[in-house]
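Quick notes on the structure that follows.
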Amino acid sequence: MIHDGDKWVSDKASNSEAETVSSIICDEMLDISVVTELRAHLLEALAAKYPVRLDGSAVERADTAVLQVLTAFFQDARSQDISVQWTSASDTLIRSAELLGIADILVLKAKAA
Amino acid sequence: MSIDMEQFKATFIEESLEGLDIMEAVLLEMQPGLADAEEVDNIFRAAHSIKGGSATFGFSDISNFTHVVETLLDQIRAGEREVTQEAINLFLSSVDCIRDMLAGAQEGFEINLEQVAEVKAGLDRMLGSTPEAAVPAEAETETPDSMSAASGWKIVFKPFPDMLRSGNDVVRLFRELADMGEMIPKANLEGLPALVDMEPEEACLSWEVSLNGSIDREQIDEVFEWVDGDCELSITPLGDEKALEDMPAESVTTEAEINPTPVQAAPVAQERRSDNDRRQGDRRKKRSSSENSSIRVGIDKVDALINLVGELVITQSMLGQLGEDFSMDKVERLKDGLAELERNTRELQENVMSIRMMPISFAFNRFPRMVHDLCGKLEKKIELKMSGEQTELDKTVMEKIGDPLVHLVRNAVDHGIETPEKRLAAGKSETGTVHLNAYHQGGNILIEISDDGAGLNRERILAKAIERGLANSDDNLSDAEIFDFLFQPGFSTADVVSDVSGRGVGMDVVKRNITALGGAIDVESRPGNGSTFTIRLPLTLAILDGQLIRVGEQTFIIPLVSIIESLQVEPVRVNAIAGSAELYKLRDDYLPVIRLYETFGLKPDSLNLEDGLLVVVEGHGQQAGLLVDDLLAQQQVVIKSLETNFKKVGGISGATILGDGTVALIVDIDGIIQLSQNGSYKRASNAAA
């Protein structure tokens, strides 16, 4: 199903920093209904080979499907030497990753501390 | 000469499964102490056939097990034994066991030996023999009751790939576990592919969880109740892993062997669970995989096909003769022959399609048992009524609608129908009713799931929607619009509709599955009187009746069921709003005008509205006018997946190949209305900026 209405994630290169980065802003609902779209954005970011900045500050819900995709993304990025960082992550996002035991892989645990 | 016993084995298993269905249906109707001789005969005959067949094919475990069932039934038949509720429940459990054993024999995997031993012990006890001798010592000592309130638990949890699609979420399950005590989850990433190879909606991870605290086994079982049959699950007291490793090798299933590290002991522990609902889930899983392999077709349908092929052969030979010495004076006969050929082909197509049509009773049949089991668990009294079971539906649609139906019926039983006390207090009879109904309407099949329970709580849903930012407090929303919020992702039905917390089923997934089938779902509800969920589905996914239209040089197809009317545009009836969207006044309504050439980026014959035609369509619960250059023919088209052959395109649901070999795209009406709305907003915001 095509996700309707508001665009929940944007993917763009930014020149405001010293180096070019791919920025992905997560919208509040990160669940299975948007996971295919999210995966496409993450694949684009991997293909671009630039460092990736994720903004998860607005996330109100993160489900297993999405966290799984993020885990695969972080692993792939690591193996391809692409740096991935959260600019910010909501408590819900961190808590959900902790519940699944993947906060370390997603580098979310340190933020919670 | 050797005989291929495999083909007979498949038939035996199929017939045995049908026999078990009969046994189950009769047992569910049976009242304690009131066994009808004919009913008992029916069950006895089914058990007897299974016993005989399984002995012939060398399935001695099935044969031995069924022998005990048969003996008990024989005693009941002879009037030596009374029918008790305990006996009925035991026979139902036996049906589950035999079904599992048959599925194991068919698919070649090991079965839950302990579960079988447990039920057999019950049967032996009833027969008066010594059950202890028949049960392995482990089974007796490790029943859930004896394991309650341990100091901690080790949970090995491996979701099946499809689990997430059915609305279940591991985050939610683990949150409930974390509420019970100290939870230490360890994710196993072995099954996680690279992102590029990943099927994002499929579960790939598995977990090993340590849960510390004085927690009853039943509490954990409850958490995993909704994923029964959708996962491999092992729950063992902490420090008891050693005992599991010592279990005999034959107790471990094939699935465990594939993933030896975390789930070696999973099936063993899973067997300990004696919950009926879990078996129901397991069975559903196994049945659905075997159902894909074959289809049973009535002899009348096959005869009709043979007749039609006969006619086709006659027409073909007539045309062949005509072609041998053709002259212009025979042109009329040629036309007649071609018309005949067309008729034969159409009838043949219709008949072949009808082979795929199956009565919806195949989907409904699981519900009497499910409702029976849920009633016991929830201590509710519910009568399940079913009507329209013979309504036919495409096999593929049927298989895909099964899970959404299960969710809706479960919700009706769990959240919809009140407890007997509450019903009596509300002046209703203590027995609630859940009604499943199916019927054809136009090119669709409608399935209604209604209950006479408490109904949806409009105010709480609205409050939740406002809280979630889905609606404003000053919005004047209709009931339908408010109830539609239930299908929003993350909108917890448990919070809103009932007091049963924490296991709200993802209604968004239910809706998504139905939409993916080209269907729609509506809700009606009245406080105190219950709710009705209506699912509208196309009869088949393979063929649709389409209206061919032209936009510029391109031909598109609009599903005929979506078209309400077509009309010539009168410019005076067109209003532009804020310089962006256009509305067409049709009688008392205003329809948004969607210029298809704009949506698809094509060059039209003319940009003027009055030069085109407006096709009024309905989708996504609203009407719209599609502006096209011309209406062409109407015809049945075979749907080809665009996603499989190319990629997903917004506003397009598929493609087809026309008679002249060109490809025509099929317009997704819901999608196009949504696309145009988003486009209008964009135009409006651009204009504002």
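The values are calculated or read from the model by the stated rules, or taken from the named source; none is laboratory data. Remember, predicted model here, so these are calculated numbers, not experimental data. Ideal geometry is used to build each Cβ from the backbone, glycine not excepted, and the neighbour counts take in all protein chains shown.
Report, by residue number, each residue of region B:319-336 that is part of a helix (DSSP H, G or I) and not acidic (Asp, Glu).
The initial filter retains those residues of region B:319-336 that are part of a helix (DSSP H, G or I), namely B:319-324, B:328-336.
The answer is B:319, B:320, B:321, B:322, B:323, B:328, B:330, B:331, B:333, B:334, B:335.
Quick one: in region A:99-111, which of the residues that are more than 20 Å from residue B:202 (Cα to Cα) and in contact with a strand residue (DSSP E or B) (Cβ under 8 Å, 6 or more places away or on another chain) is nearest to the other protein chains (Cβ to nearest Cβ)?
That would be A:108.
So for region B:441-453 (the condition being aliphatic (A, V, I, L, M), modelled with pLDDT under 90 and part of a loop (DSSP other than H, G, I, E, B)), does at least one residue qualify?
no
It is to be established whether one or more residues within region B:25-47 are modelled with pLDDT under 80, within 18 Å of residue B:97 (Cα to Cα) and of a type in the set (Gly, Ala, Ser).
The answer is no; no qualifying residue exists.
Please go through region B:620-651 and pick out each residue that is surrounded by fewer than 20 Cβ atoms within 10 Å (Cβ to Cβ) and within 14 Å of another protein chain (Cβ to nearest Cβ).
B:620, B:621, B:622, B:642, B:643, B:647, B:648, B:649, B:650
So that you can scan it fast, the table gives a plain yes or no per residue for (1) surrounded by fewer than 22 Cβ atoms within 10 Å (Cβ to Cβ); (2) at pLDDT 85 or above; (3) within 21 Å of residue A:74 (Cβ to Cβ):
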residue: B:159; (1), (2), (3): no, yes, yes
residue: B:183; (1), (2), (3): yes, yes, no
residue: B:191; (1), (2), (3): yes, yes, yes
residue: B:199; (1), (2), (3): yes, yes, yes
residue: B:208; (1), (2), (3): yes, yes, yes
residue: B:219; (1), (2), (3): yes, no, no
residue: B:229; (1), (2), (3): yes, no, no
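Can you tell me which of B:14, B:70, B:38, B:82 is charged (D, E, K, R) and under 32 Å from the mean Cα position of the chain (by Cα)?
B:14
When region B:366-384 is examined, which residues are found to be surrounded by fewer than 18 Cβ atoms within 10 Å (Cβ to Cβ) and in contact with a Phe, Trp or Tyr (Cβ under 7 Å, 6 or more places away or on another chain)?
none
Do we find that residue A:82 is within 25 Å of residue B:209 (Cβ to Cβ) and surrounded by fewer than 24 Cβ atoms within 10 Å (Cβ to Cβ) in this structure?
For residue A:82, the condition - within 25 Å of residue B:209 (Cβ to Cβ) and surrounded by fewer than 24 Cβ atoms within 10 Å (Cβ to Cβ) - is not met.
From the residues in region B:344-354 that are crowded, with 16+ Cβ neighbours inside 10 Å and within 22 Å of residue B:538 (Cβ to Cβ), which one is nearest to the chain's Cα centre (by Cα)?
Checked region B:344-354; the qualifying residue nearest to the chain's Cα centre (by Cα) is B:354.
From the set of residues in region B:466-480 that are farther than 20 Å from residue B:411 by Cα and not in a loop (DSSP other than H, G, I, E, B), which is modelled with the lowest pLDDT? First the steps, then the outcome.
So in region B:466-480, the residues farther than 20 Å from residue B:411 by Cα come out as B:466-478.
Then drop every residue that is not not in a loop (DSSP other than H, G, I, E, B), which leaves B:466-467.
Numbers: B:466: 86, B:467: 82.
Selected residue: B:467.
For residue B:91, only one of the following conditions fails: (1) closer than 16 Å to residue B:30 by Cα; (2) at pLDDT below 85. What is its number?
Of everything listed in (1) closer than 16 Å to residue B:30 by Cα; (2) at pLDDT below 85, residue B:91 misses just condition (2).
Quick check: is even one residue across region A:24-45 over 28 Å from residue B:159 (Cα atoms) and either hydroxyl-bearing (Ser, Thr, Tyr) or over 13 Å from the mean Cα position of the chain (by Cα) (or both)? Please lay out each step first, then the result.
So the first thing to find is which residues in region A:24-45 are over 28 Å from residue B:159 (Cα atoms), and the list is A:24-25, A:44-45.
Okay, now just the ones that are also either hydroxyl-bearing (Ser, Thr, Tyr) or over 13 Å from the mean Cα position of the chain (by Cα) (or both), so none.
No: zero hits.
Being polar (S, T, N, Q) and facing another protein chain (nearest Cβ under 9 Å) is the filter here; which residues of region B:154-187 pass it?
If the condition is that a residue be polar (S, T, N, Q) and facing another protein chain (nearest Cβ under 9 Å), then B:168 is the only one that fits.
Out of all the residues in region B:201-223, which are in contact with a Phe, Trp or Tyr (Cβ under 8 Å, 6 or more places away or on another chain), closer than 30 Å to residue B:513 by Cβ, within 14 Å of chain A (Cβ to nearest Cβ) and of a type outside the set (Ser, Thr, Tyr)?
B:203, B:207, B:209
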